[in-house]
Amino acid sequence: MKIKYVAASIGLISGIGVSTQAQDGKPLIFEGSKARLEVQTAGSAITHFSLNKRKINPFTWTLLPEQMPKPNLGTPVFRGHFLCMGRWGAASEAEQKAGIPHNGEINTLNWKTLRSPSAEGDHIVAEAECQEIKELMKVSRKIELQKDGQSFLMSETATNTANLDRVYNFTQHPTIGAPFLSPSTLIDCNATVGFDQRADFTNLEKTEFTFPEGHLTDGFADLRKVNDDRGYVSTHIFHDTSKIGWVTATNPDQKLVLGYIFLTKEYPWLNLWHWKKDKAPYAHGLEFGTTGLGQPYRTLIDNCITFHGRKSYEWIETGQSITKKYICFLAEVPENFAGVGNIIFSDKKAFLVERKADKARKVELHLIQGLR
């Protein structure tokens, strides 16, 4: 998300819940034995994910209608975790005059529900799709929540329905809010070098730094902490040997971790967005995608902007379909958990390893399968 923003009833069937038929514009609601998930079809946002016994929802952040970018006024507000399709950030001035919105048209439209949440094996599954009118991208998504677990798998396929090849971006925009987001919340990831979005984008390596040490244009910031008084976007890439990327937010007081796991070949960039309001952290983005710069495509291409060889866009041919996936999970952790130092994958098991030099604790994750 561009830094300028910082300035600123479905009945449930009894049992492991499956919602009644969702109509366009109404949310998809998943009820498992351990977790609850809610996905909007007016726009693309995931607005609720919680453990049934805890009921703490990290996705409470939302913009007010009047805070939306001008091209998006009157459309569903940005909130929770939404999808940026086609672009991340603002369109060019000419595109805006043609009615192209900020962060892509997909968030301004109603999705068509192809399958309401229903049981399938060990999962609760739903499917939806959306066809853009102006940008001519079509997105279909399949959402699978574990019936008896604490994670879900999102699989999304973007198809270029235009008659021309084009550059585009495919970026996830999860943003956490209070009460999960609090001064004690800790951010961790396996991303490495990065830059401040306000830096000179023609020479990004000159001012680069390595997570969690943020040498921003206006001073130092500990990127693990969310109590900085400034607003910023810190953008990072992953080491070439890291096939799996991950980012987590830990609230030690609530003994809860929210995390994302994805393939770095699909999502090679991580953007950490921070917004503080009324002397308290108000929003913190854990955005992962195909771009690290929220600039119009002409700016990116004309200036040949790369960072350690990574481009800030992808190419999609006419009629081509590209699928990307990620896993999102919630995990309960011990008291005074110091954050996540690593996620270890072994066979079909995964473990959170505490970010601690001595006597680091491990927490087993029972993750949904299907990422690879």
Can Asp278 be described as over 19 Å from the mean Cα position of the chain (by Cα) and at pLDDT 95 or above?
no
Members of region 83-122 found to be more than 30 Å from Gln146 (Cα to Cα), among the basic types (Lys, Arg) and either surrounded by 14 or more Cβ atoms within 10 Å (Cβ to Cβ) or touching a strand residue (DSSP E or B) at 6+ places or on another chain (Cβ under 6 Å) (or both), listed by number:
Arg87
Go over the candidates Lys362, Lys356, Lys276, Lys348 one by one and state the one that is charged (D, E, K, R), touching a helix residue (DSSP H, G or I) at 6+ places or on another chain (Cβ under 9 Å) and farther than 30 Å from Val167 by Cβ.
Lys276
Subset of region 321-348 that is in a strand (DSSP E or B) and of a type in the set (Gly, Ala, Ser) - its residue that is modelled with the lowest pLDDT:
Ser346
Assess whether Glu156 counts as being surrounded by 16 or more Cβ atoms within 10 Å (Cβ to Cβ) and within 19 Å of the chain's Cα centre (by Cα).
yes
Take Asp165 and tell me if it is of a type in the set (Asp, Glu) and either more than 18 Å from Ile316 (Cβ to Cβ) or in contact with a Leu (Cβ under 8 Å, 6 or more places away or on another chain) (or both).
no
Only strands (runs of 3 or more DSSP E) wholly contained in region 73-189 count here; list those with 1 or more residues that are closer than 30 Å to Asp222 by Cα, modelled with pLDDT of 95 or more and among the charged types (D, E, K, R).
186-189
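The values are calculated or read from the model by the stated rules, or taken from the named source; none is laboratory data. The structure displayed is predicted, hence computed values, not measured ones. So basically every Cβ, Gly included, is an ideal-geometry build from the backbone, and we count neighbours across all protein chains shown.
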